[in-house]
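The values are calculated or read from the model by the stated rules, or taken from the named source; none is laboratory data. All of these numbers come straight from a predicted model, not from anything done at the bench. Here Cβ is always computed from backbone atoms with ideal geometry, including for glycine, and neighbour counts include all displayed protein chains. Ligands, DNA and RNA are stripped out before the accessible areas are found, and what is left, the full protein with its side chains, is counted by its heavy atoms. Shrake-Rupley method; radii C 1.70, N 1.55, O 1.52, S 1.80 Å.
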Amino acid sequence: QVQLVESGGGLVQPGGSLRLSCAASGIIFRIYAMAWYRQAPGKERELVARISAAGSKTYTDSVKGRFTISRDNAKNTVYLQMNELKPEDTAVYYCNVALPTRSSWGQGTQVTVSS
């Protein structure tokens, strides 16, 4: 049974930082690309960042230079370091892994950027 558990969300002021974590179980973590998505109220879910099994990283334009995705294969965990947070980064952030037969999602963690 695949399980993805996110943590690290919260309320932060504009310009602040948060680090999200996603602990995976039930998969051979090191062979899969991992991704972070987010969904703001009234908007579609969007891809934020992705890291391949080999460690290649891609980001959506709005977070380039501010967010960093990383992975620790020994801990079966993927991270999203978010710096210089803006109110428009407010959303529920989801961890994702695309398996051969289906896509698997975590339950999400709320990030709110507000003064």
* To do: May I ask you to derive the relative contact order of the chain, considering only C-alpha pairs under 8 Å and at least 6 residues apart, and to give it as an integer percent?
  => 36
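Based on DSSP loop calls and a cut-off of at most 15 other Cβ atoms within 10 Å, the longest stretch of the chain free of exposed GluC sites (Glu not before Pro) is what? Working shown, then result.
On the way: sites that count: Glu44, Glu84.
So the longest stretch without any such site is 1-43.
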* To do: Largest first and to the nearest Å, give the Cα extent of segment 1-97 along each principal axis.
  => 36, 25, 22
* Most mobile listed residue (Gly55, Gly42, Gly15) in the chain, GNM with C-alpha springs under 10 Å -> Gly42
* Structure fact -> If one builds a Gaussian network model of the chain from Cα atoms under 10 Å apart, the most fluctuating residue listed among Ile31, Ile69, Ile51 is Ile31
* Tell me, what is the per residue accessible area of segment 54-109 in Å², probe radius 1.4 Å? -> 51
* **Two-site label geometry, Ser115 and Ser70: point separation in nm, points 7 Å out along Cα→Cβ** => 3.0
* To do: Would you mind telling me the share, in percent, of accessible area of the chain contributed by carbon and sulfur at probe 1.4 angstrom?
  => 47
* Asked: Which of these, Asp89, Asp72, Asp61, has the largest mean-square fluctuation under a Gaussian network model of the chain (Cα springs below 10 Å)?
  -> Asp61
* **For a label point 7 Å along the Cα-to-beta-carbon line of Gln1, residues of segment 61-83 with backbone N under 20 Å** => 76-77
* Structure fact -> If each K or R counts +1 and each D or E counts -1, the residues other than Thr77 whose Cβ falls under 14 Å of its Cβ total +2
